[in-house]
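*Asks:* Pasting a structure below so you can have a look.
The values are calculated or read from the model by the stated rules, or taken from the named source; none is laboratory data. Values in this document were obtained by computation on a predicted structure and should not be read as measured data. Counting neighbours? That spans all protein chains shown, and the Cβs are built from the backbone with ideal geometry, glycine included. Ligands, DNA and RNA are stripped out before the accessible areas are found, and what is left, the full protein with its side chains, is counted by its heavy atoms. Shrake-Rupley method; radii C 1.70, N 1.55, O 1.52, S 1.80 Å.
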Amino acid sequence: MKTARIMTLAVLIVGSGLVLQVARAQQPGIKRTDLQRHDLSVPGREVVQVRVDFAPGAAFPKHRHPGEEIINVLEGSLEYEVEGKPPVTLKAGDVLFIPAGTIHAAKNVGSGNAAELATYVLEKGKPPLELIK
């Protein structure tokens, strides 16, 4: 009985830490919509797809992921700063690959809304996002 309570408490603590991390990842003018999440045939890996909407002028600060990110810009103009490369501005239909663990940021540089489809190939069980201070 005592072991079950300890396990329940541990699950609640870990779960609230993940919720807190996701809450911190929400930035003003940014809306992240989870679309799908599936295990891959590669052990210990999963794929996650998220639509990210940016209000005009909205920016997502420097962050990294424990896996690769494949970006497809759906609408508007987004400027990406990827560690070790010059900034690049992409428009609807453009794509970008970000290697695992690479620090990057994104900003809507257009006059209207912008959106991207982000596909992540992640280590299963790890937080999907780490903000960089």
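*Asks:* For ALA106, indicate whether it is under 16 Å from the mean Cα position of the chain (by Cα), more than 19 Å from TYR120 (Cα to Cα) and touching a residue at least 12 places away in the same chain (Cβ under 8 Å). Step through it out loud before you land on a result.
*Replies:* Numbers: under 16 Å from the mean Cα position of the chain (by Cα): yes; more than 19 Å from TYR120 (Cα to Cα): no; touching a residue at least 12 places away in the same chain (Cβ under 8 Å): yes.
Here the answer is no, as ALA106 does not meet what is asked.
*Asks:* In this structure, does GLU81 turn out to be outside any loop (DSSP other than H, G, I, E, B) and surrounded by fewer than 18 Cβ atoms within 10 Å (Cβ to Cβ)?
*Replies:* Working: outside any loop (DSSP other than H, G, I, E, B): yes; surrounded by fewer than 18 Cβ atoms within 10 Å (Cβ to Cβ): yes.
The answer is yes for GLU81.
*Asks:* Assess whether LEU129 counts as being closer than 15 Å to PHE54 by Cβ and surrounded by 12 or more Cβ atoms within 10 Å (Cβ to Cβ).
*Replies:* Numbers: closer than 15 Å to PHE54 by Cβ: no; surrounded by 12 or more Cβ atoms within 10 Å (Cβ to Cβ): yes.
In short, no.
*Asks:* Residue by residue through region 45-60, note down the ones that are open to solvent by 50 Å² or more (accessible area, probe 1.4 Å) and either in contact (Cβ under 8 Å) with a residue 60 or more places away in the chain or assigned to a strand (DSSP E or B) (or both). Explain how you work it out, then say what you get.
*Replies:* First, the residues of region 45-60 that are open to solvent by 50 Å² or more (accessible area, probe 1.4 Å): 45, 51, 56.
Selection gives ARG45, ARG51.
*Asks:* Moving on. Could you list, in sequence order, all residues of region 99-126 that are open to solvent by less than 30 Å² (accessible area, probe 1.4 Å) and under 16 Å from ARG51 (Cα atoms)?
*Replies:* Result: ALA105, ALA106, ASN108, ALA114, ALA115, GLU116, ALA118, THR119, TYR120.
*Asks:* Output the residues belonging to region 95-123 that are of a type in the set (Ser, Thr, Tyr) and either under 26 Å from LEU40 (Cα atoms) or outside any loop (DSSP other than H, G, I, E, B) (or both). Please lay out each step first, then the result.
*Replies:* Start the filter on region 95-123 by keeping residues that are of a type in the set (Ser, Thr, Tyr), which leaves 102, 111, 119-120.
Listed by number, the residues that qualify are THR102, THR119, TYR120.
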